[in-house]
Amino acid sequence: MQQLVTPSAIPSPKFDVESRALDDELFLINPDDATTAVHCLNGGAALIWLLCDGTRDVAAIVDEISSAFDLPADEVLDDVRKTVAHLESLRLLET
């Protein structure tokens, strides 16, 4: 079970994670990961990743996405929390 990410958490990429954009997808690789797996993010997850730059907390990320796309903040919060938790479990993000 993934840990619940709080709205006050400030996610940022792990130091060595590399990213490459291709069309509307973003590919991430963590060279420190023993599997050196390549992770592919869809457009929504890629947007969340790009906003997880260590300068804003989860609540600010939610505000930015919900206002940009005119979406309910509670729905966006759920998606952002799940995405951040998943990226954290893959050792791509840290909070």
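Structure summary
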item: Dipole magnitude of the chain, debye to nearest 20 (Cβ charges: Lys/Arg +1, Asp/Glu -1, about Cα centre); result: 260 debye
item: Under Karplus coefficients 6.51, -1.76 and 1.60, residue-wise ³J(HN,Hα) of segment 9-16 in Hz, glycine/proline x; result: 5, 10, x, 8, x, 4, 3, 8
item: Percentage, to the nearest whole number, of Cα pairs in the chain over 23 Å apart; result: 20 percent
item: Over the chain: helical MRE at 222 nm, DSSP H runs n ≥ 4 each giving -39500 (n - 2.57), nearest 500; result: -12500 deg cm²/dmol
item: Loop-located trypsin sites (Lys or Arg not before Pro) in segment 47-95, at most 14 other Cβ atoms within 10 Å (DSSP); result: R91
item: Relative contact order (%) - criterion: Cα under 8 Å, at least six apart; region: the chain; result: 39 percent
item: Average silhouette area of segment 41-80, convex hull of alpha-carbon atoms, in square nanometres; result: 2.6 nm²
item: Charge context of E94, other residues only, Cβ under 11 angstrom, K/R +1, D/E -1; result: +1
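Values in this text are rule-based calculations from the coordinates and carry no lab data. Quick caveat: nothing in here was measured; it's all calculated off a predicted structure. Note that we place each Cβ from the backbone using ideal geometry, even for glycine, and neighbour counts take in every protein chain shown.
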